[in-house]
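This report refers to the structure that appears directly beneath it.
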Amino acid sequence: MSKQSIFRTTVLVCVVAAIIALFTTVTSLVGQLRQLSTASTDNMQWTISQVDTELANLSSTIAQKLLRGSEYDSDLVRLRADIALSRLSMLHSGRVGQVYAGNEEAERLKLPIMAYYQELASRLDAAQELSPDDLRALLALTEELRPTVRRMAVLGAELTGARTQQRRQEFFQQVSLTGWLAVGAVVFMAGLLLILDQLYRRATERDKKLQASTRELASTVSASLDAIVTADQSGQIVGFNAAAEKVFGWSKSEIIGKTMQETLVPDRMRAAHLAGMERYLNEEAPKIVDGGRVEMPALRKNGEEFPVELNITSVDHDDGQRFIAYIRDISARKIAEQSLIDARDRAQRTDRAKSQFLTVMSHEMRTPLNGVLGVLDLLKTTRLTKRQGRYAELAAASSEILLQHVNEALDITRVETGSLLLSPQEFELEPLCAQITGVLTPLAQEKGLSLTLEIKEGAHGLFWGDSGRIRQILTNLIGNAIKFTDVGSIKVAVTGINAPGQTQLRFAISDTGRGIDPENQEQIFNDFVALGSGDERQFRGDGLGLSISSRIARQMGGDLKVESTLGRGTTFTFDLPVSRVRTSAGHTASHSDPETGSALPSQLSVLIVEDNSINRKILKDMLLGLGAKPCEAADGVEALRKAEMRMFDMIFMDISMPEMDGIETTQRLRSGAGPNAKTHIVGLTAHGEEEYRARAEASGMNSFYTKPIRLDLLRHILRDTKSVTPTIHPHDGFEELRQVLGPDKLAATSQQFFDELDQLCGDILNDKYSGNSDALSGTTHRVKGAAQLLGFETLAEQLSALYEATEAGQNSLIERRAARLASQSEEMRSQVARKLTPTVTRA
């Protein structure tokens, strides 16, 4: 019950109670007034006084009878006696008797009166004729009783007066009470009237506000940009604002009385709409009603379907529930969102294309650079003049700097995609720094600069870290110092602060160049920032090197800072925490060139576990060329069987294979007690190195490499199975394979690869892999590995894209990539045939 209903009930009860009390009081007052207004009291006093009068009359009648004798009427005596008796009886009954009731004196006076009454009655009843003696006796008794009767009359008058006075007091009190009640009723009614007046005023104000609010709401609804549609619980439309007319194309007069499902809801959704409304009304389980904003299609009058944002609320109404739908046409927003999505997709495709372009160009540029560096290394081994030797050193140093810039172009794509990974390993700091400064010293000497290296005692020893990235950062910093210093020197100072198990290395590269303005010192670490403008010579920053170096330093847990003073030079500080490696006494790190170092162990027995026959063939021929004795296994099951039969010096284990992969095979070898439980196992994968490194190490593999395995790396692995992976940049290995395998074997192997590639593309285009995506993924993976091993990088990238489309189940994209691969395969087959066909020179 509401507060307003409780108040109304209370007021009604109070009014009824006041009316009842006032009516009762007035009724009582009227009764008492009527009693006071009547002569009942005077009548009782007259009746009492008549007793004495009648007794006097009786005495007089008896006396006359005695004087006259027979002359006087005897019946008159008896009549007077009867009258006296009747008067006496009134003193004991009726209203007169009530006057004397309860009074002690009256009760005492009644005794002689009663005795007289009885005596008189008995004498009258005894004889027909009263004798003179009877008359004289009655006269004596009557005279004797008269004082008592007079006292009785006086007492009656006193009692009657007292009762009358009491009644007057009671009447006065009743009148007073009635007056107060009347005053209270008047006050109550006045207060009630005030309250009612206030309520009326408030109701009037509320009514005005409600009317204003109603007008405002009506104005808001009519002016709302959103369509507002009101419907009853049967779905019949009872409200339709102006915005709804614009959105849906219906006029208000047309649509009022129609149902939402037949006008605004698309045909395909009407059944669901009706079921939802019925569920809400029966079970009060809202899904859309009172469920917040949802997006769904709606229908215009012309039959056009368009997207809307909908919010439905419910309210109670006199004829049941009503539903208010707030509808917003979001077709324009959806078009804008789709445009943004398309723009984002185009930007992502452009970014991927840029990254792919940088990757391809870096690979293409690195291939001839590796050739140049190799030729320069070979040139140093020949007899050269002093000038030629200096030229060779300058060319080698410049090539190293150029190769570093090419690598930075590839690293920037890795940084942007978050795929820049670290490869920590054991390294000795002093030889690393000496090698870097030794390579770059000719460039410094060519400009008349001195390049010095100073390594403090705390920085000596064997450490654990990514030596390749340390080399990259130091090469960039020292190269920049040489590039931007015209006069003076460059100094590389390496210090270390040792803590338990860890060393904080600091590399300080100082130059005597022109310095950097303080406002530009932070900018040089941004991408593509080079200080200088117009034709002015760039004097700080190469655009990428410092940015990438700074990011790599932070990824390794370190930092790169700069301090510079204009005209006095610049110092770059590279701080890096590394772990110290505990080694046995007499340990020395080997830095001998793979070609000139110790000889390879002869007749090493090696098991090649690889599911791709081309990969097995190439790796087998490379091992044979290095003097090893290889044995092949097509999968993990065959490898376990052969590993049980004999002991191998080394096992090359492919990670991804059917039946049983390399991880499981390695785990079984390590967990068993066979002859190869402790054999050195080298993991190989065509995927990213970091993708499987943790799993490979956990399974028990001793080392882990990504395909393709080059000849110099293979030679290093065979020489020292405990050594770490040297920093080798991937390059086209086709020429290297021709040198190792010979043109005939390489031609046969390539022919087998192209046949398998053509078979794969043909099966895809002929829909032979329909419903068997696992088989397609496995075949694509094997062919991709063969392309990588043969050095067909373009085909390997296309096969990798085909593999990704296969894993994602994008059938249309799979067919397009297969058709493109088939075309590229034919072109590549022709190029390989021309490259492997001997050229005959005619005279």
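For the stretch 167-182, enumerate the residues that are modelled with pLDDT under 80 and not small (Gly, Ala, Ser).
Of all residues in the stretch 167-182, those modelled with pLDDT under 80 come to 167-168, 170-179, 181-182.
The answer is Arg167, Arg168, Glu170, Phe171, Phe172, Gln173, Gln174, Val175, Leu177, Thr178, Leu181.
Quick one: would you say Phe704 is at pLDDT 75 or above and closer than 30 Å to Glu400 by Cβ?
Details: at pLDDT 75 or above: yes; closer than 30 Å to Glu400 by Cβ: yes.
Spelling it out, Phe704 is indeed at pLDDT 75 or above and closer than 30 Å to Glu400 by Cβ.
Residues in the stretch 282-316 that are modelled with pLDDT under 80 and touching a strand residue (DSSP E or B) at 6+ places or on another chain (Cβ under 7 Å): how many?
From the stretch 282-316, those modelled with pLDDT under 80 are 282-293, 314-316; that's our starting set.
Now restrict to residues that are touching a strand residue (DSSP E or B) at 6+ places or on another chain (Cβ under 7 Å): 288-290, 292-293, 314-315.
Summing the residues that are modelled with pLDDT under 80 and touching a strand residue (DSSP E or B) at 6+ places or on another chain (Cβ under 7 Å) in the stretch 282-316 gives 7.
Which ones in the stretch 257-284 are open to solvent by 70 Å² or more (accessible area, probe 1.4 Å) and over 37 Å from the mean Cα position of the chain (by Cα)?
Lys258, Glu262
Take the residues of the stretch 183-210 that are over 17 Å from Ala17 (Cβ atoms), open to solvent by 90 Å² or more (accessible area, probe 1.4 Å) and not basic (Lys, Arg): which is modelled with the lowest pLDDT?
Leu210
Taking the stretch 643-655, which residues are open to solvent by 10 Å² or more (accessible area, probe 1.4 Å) and either within 15 Å of Glu697 (Cα to Cα) or touching an Asp or Glu at 6+ places or on another chain (Cβ under 8 Å) (or both)? Show your work before the answer.
First pass over the stretch 643-655, keeping only residues open to solvent by 10 Å² or more (accessible area, probe 1.4 Å): 644-647, 649.
Listed by number, the list is empty, since nothing qualifies.
Please specify each residue of the stretch 443-467 satisfying the condition of being buried (at least 20 other Cβ atoms within 10 Å of the Cβ) and in a helix (DSSP H, G or I). Walk me through it before giving the result.
First, pick out the residues of the stretch 443-467 that are buried (at least 20 other Cβ atoms within 10 Å of the Cβ): 443-444, 449, 451, 459, 463, 465-467.
Listed by number, the residues that qualify are Leu443, Ala444, Ala459, Ser467.
Which numbered condition in (1) at pLDDT below 70; (2) among the polar types (S, T, N, Q); (3) in contact with a helix residue (DSSP H, G or I) (Cβ under 9 Å, 6 or more places away or on another chain) is the only one that Thr381 fails?
(3)
Under the condition of being touching a residue at least 12 places away in the same chain (Cβ under 8 Å) and assigned to a loop (DSSP other than H, G, I, E, B), which residue from the stretch 92-139 is farthest from Arg150 (Cα to Cα)?
First, pick out the residues of the stretch 92-139 that are touching a residue at least 12 places away in the same chain (Cβ under 8 Å): 92, 95-96, 99-100, 103, 105-106, 109-110, 112-114, 116-117, 119-121, 123-124, 129-130, 132, 135-139.
Checking the rest, the ones that are also assigned to a loop (DSSP other than H, G, I, E, B) come to 92, 103, 129-130.
Numbers: His92: 16, Asn103: 16, Glu129: 29, Leu130: 27 Å.
Top of the filtered list is Glu129.
Going by the conditions given, is Asp621 open to solvent by 10 Å² or more (accessible area, probe 1.4 Å) and closer than 22 Å to Arg715 by Cα? Working first, answer last.
Numbers: open to solvent by 10 Å² or more (accessible area, probe 1.4 Å): yes; closer than 22 Å to Arg715 by Cα: yes.
Here the answer is yes, as Asp621 does meet what is asked.
List pairs: first in the stretch 445-470 and more than 22 Å from Ser549 (Cβ to Cβ), second hydrophobic (A, V, I, L, M, F, W, C) and part of a loop (DSSP other than H, G, I, E, B), Cβ under 7 Å, 6+ apart or cross-chain?
Matching pairs, first to second residue: Leu462/Val581; Leu462/Ala589.
Under the condition of being of a type in the set (Ser, Thr, Tyr) and surrounded by fewer than 18 Cβ atoms within 10 Å (Cβ to Cβ), which residue from the stretch 801-843 is modelled with the lowest pLDDT? First the steps, then the outcome.
If we filter the stretch 801-843 for residues that are of a type in the set (Ser, Thr, Tyr), which is where we start, we get 803, 806, 812, 823, 825, 830, 837, 839, 841.
Checking which are surrounded by fewer than 18 Cβ atoms within 10 Å (Cβ to Cβ) leaves us with 812, 823, 830, 837, 839, 841.
Working: Ser812: 75, Ser823: 78, Ser830: 80, Thr837: 66, Thr839: 43, Thr841: 36.
Ranking the candidates gives Thr841 first.
Take the stretch 493-510 and flag every residue that is of a type in the set (A, V, I, L, M, F, W, C), open to solvent by 10 Å² or more (accessible area, probe 1.4 Å) and either in contact with a His (Cβ under 8 Å, 6 or more places away or on another chain) or closer than 23 Å to Ile482 by Cα (or both). Can you show your working first?
The first filter runs over the stretch 493-510 and keeps only residues of a type in the set (A, V, I, L, M, F, W, C), leaving 493-494, 497, 499, 505, 507-509.
Checking the rest, the ones that are also open to solvent by 10 Å² or more (accessible area, probe 1.4 Å) come to 493, 497, 499, 508.
The answer is Ala493, Ala508.
Is it the case, given these coordinates, that Arg150 is open to solvent by 60 Å² or more (accessible area, probe 1.4 Å), under 25 Å from Trp46 (Cβ atoms) and either modelled with pLDDT of 80 or more or over 60 Å from the mean Cα position of the chain (by Cα) (or both)? Break it down stepwise before answering.
Numbers: open to solvent by 60 Å² or more (accessible area, probe 1.4 Å): yes; under 25 Å from Trp46 (Cβ atoms): yes; either modelled with pLDDT of 80 or more or over 60 Å from the mean Cα position of the chain (by Cα) (or both): yes.
Here the answer is yes, as Arg150 does meet what is asked.
Could you go through the stretch 558-566 and let me know if any residue there is closer than 22 Å to Ala444 by Cα, modelled with pLDDT of 75 or more, part of a loop (DSSP other than H, G, I, E, B) and among the charged types (D, E, K, R). Walk me through it before giving the result.
Of the stretch 558-566, the ones closer than 22 Å to Ala444 by Cα are 562-566.
Now drop any that are not modelled with pLDDT of 75 or more, which leaves 562-566.
Now restrict to residues that are part of a loop (DSSP other than H, G, I, E, B): 566.
Pick out the ones that are also among the charged types (D, E, K, R) and you get none.
Within the stretch 558-566, none of the residues are closer than 22 Å to Ala444 by Cα, modelled with pLDDT of 75 or more, part of a loop (DSSP other than H, G, I, E, B) and among the charged types (D, E, K, R).
Which count do you get for residues in the stretch 87-104 that are modelled with pLDDT of 80 or more and either aromatic (Phe, Trp, Tyr) or open to solvent by 50 Å² or more (accessible area, probe 1.4 Å) (or both)? Before you say what the answer is, go through the steps one by one.
As a first pass, look at the stretch 87-104 and keep what is modelled with pLDDT of 80 or more: 103-104.
Among the residues that remain, those that are also either aromatic (Phe, Trp, Tyr) or open to solvent by 50 Å² or more (accessible area, probe 1.4 Å) (or both) are: 104.
Of the residues in the stretch 87-104, 1 are modelled with pLDDT of 80 or more and either aromatic (Phe, Trp, Tyr) or open to solvent by 50 Å² or more (accessible area, probe 1.4 Å) (or both).
With at negative phi and surrounded by fewer than 14 Cβ atoms within 10 Å (Cβ to Cβ) as the only criterion, which of Glu245, Glu216 stands out? I'd like the intermediate steps shown before the answer.
Details: Glu245 fails: surrounded by fewer than 14 Cβ atoms within 10 Å (Cβ to Cβ).
Criteria check complete, one pass: Glu216.
Just for the stretch 106-128: of the residues that are open to solvent by 50 Å² or more (accessible area, probe 1.4 Å) and over 20 Å from Glu54 (Cα atoms), which one is modelled with the highest pLDDT? So that I can check it myself, show each step before the final result.
Narrowing the stretch 106-128 to residues open to solvent by 50 Å² or more (accessible area, probe 1.4 Å): 107-108, 111-112, 114-115, 117-119, 122-123, 125-126, 128.
Add one more test, that the residue is over 20 Å from Glu54 (Cα atoms), and what stays is 107-108, 126, 128.
On the way: Glu107: 80, Arg108: 84, Ala126: 72, Gln128: 65.
In this case the residue turns out to be Arg108.
Going through Gly156, Gly161 one at a time, which residue ends up being within 17 Å of Glu54 (Cβ to Cβ), open to solvent by less than 40 Å² (accessible area, probe 1.4 Å), of a type in the set (Gly, Ala, Ser) and over 60 Å from the mean Cα position of the chain (by Cα)?
On the way: Gly161 fails: within 17 Å of Glu54 (Cβ to Cβ).
Only one candidate qualifies: Gly156.
Can you run down the residue pairs with Cβ atoms below 6 Å, 6 or more apart or on separate chains, where the first is in the stretch 299-319 and over 12 Å from Gln233 (Cβ atoms) and the partner is among the β-branched types (Val, Ile, Thr) and at pLDDT 85 or above?
Listed pairs, sorted by first residue: Pro307/Ile330; Val308/Ile327; Glu309/Ile330; Leu310/Ile327; Thr313/Ile324.
Identify, please: which residue in the stretch 773-796 is open to solvent by 30 Å² or more (accessible area, probe 1.4 Å) and touching a residue at least 24 places away in the same chain (Cβ under 8 Å) and is, among those, farthest from Asn615 (Cα to Cα)?
Ser773
Taking the stretch 55-73, which residues are among the hydroxyl-bearing types (Ser, Thr, Tyr) and open to solvent by less than 30 Å² (accessible area, probe 1.4 Å)?
Once the filter is applied, which keeps residues that are among the hydroxyl-bearing types (Ser, Thr, Tyr) and open to solvent by less than 30 Å² (accessible area, probe 1.4 Å), the stretch 55-73 yields Ser59, Thr61, Tyr72.
Taking the residues in the stretch 511-522 that are out of contact with any helix residue (DSSP H, G or I) (no Cβ under 8 Å at 6 or more places or on another chain) and either of a type in the set (S, T, N, Q) or in a strand (DSSP E or B) (or both) as candidates, determine which candidate is surrounded by the most Cβ atoms within 10 Å (Cβ to Cβ).
Step one: list which residues in the stretch 511-522 are out of contact with any helix residue (DSSP H, G or I) (no Cβ under 8 Å at 6 or more places or on another chain), which gives 512, 514-515, 517-522.
From the residues that got through so far, the ones that are either of a type in the set (S, T, N, Q) or in a strand (DSSP E or B) (or both) too are 512, 520-521.
On the way: Thr512: 19, Asn520: 14, Gln521: 17.
Among them, the one singled out is Thr512.
What is the number of the single condition among (1) within 27 Å of Met653 (Cβ to Cβ); (2) within 40 Å of the chain's Cα centre (by Cα); (3) of a type in the set (S, T, N, Q) that Gln810 does not meet?
Result: Gln810 fails condition (1) only.
Which numbered condition in (1) in contact (Cβ under 8 Å) with a residue 40 or more places away in the chain; (2) among the β-branched types (Val, Ile, Thr); (3) closer than 30 Å to Leu66 by Cβ is the only one that Thr178 fails?
(3)
Going by what's in this entry, would Ser131 be described as at pLDDT 75 or above, within 30 Å of Gln64 (Cβ to Cβ) and either loosely packed, with under 11 Cβ neighbours inside 10 Å or under 60 Å from the mean Cα position of the chain (by Cα) (or both)?
On the way: at pLDDT 75 or above: yes; within 30 Å of Gln64 (Cβ to Cβ): yes; either loosely packed, with under 11 Cβ neighbours inside 10 Å or under 60 Å from the mean Cα position of the chain (by Cα) (or both): yes.
So Ser131 fits the description; yes.
Applying the selection to the stretch 750-764, what residues are surrounded by 13 or more Cβ atoms within 10 Å (Cβ to Cβ) and either closer than 17 Å to Glu793 by Cα or touching a residue at least 40 places away in the same chain (Cβ under 8 Å) (or both)?
Ser750, Gln751, Gln752, Phe753, Phe754, Glu756, Leu757, Asp758, Leu760, Cys761, Ile764
The values are calculated or read from the model by the stated rules, or taken from the named source; none is laboratory data. The structure displayed is predicted, hence computed values, not measured ones. Glycine gets a Cβ as well: all are built from the backbone with ideal geometry, and neighbour counts include every protein chain shown. Remember, those area values only see protein heavy atoms, side chains included, never the ligands or the DNA or RNA. Shrake-Rupley method; radii C 1.70, N 1.55, O 1.52, S 1.80 Å.
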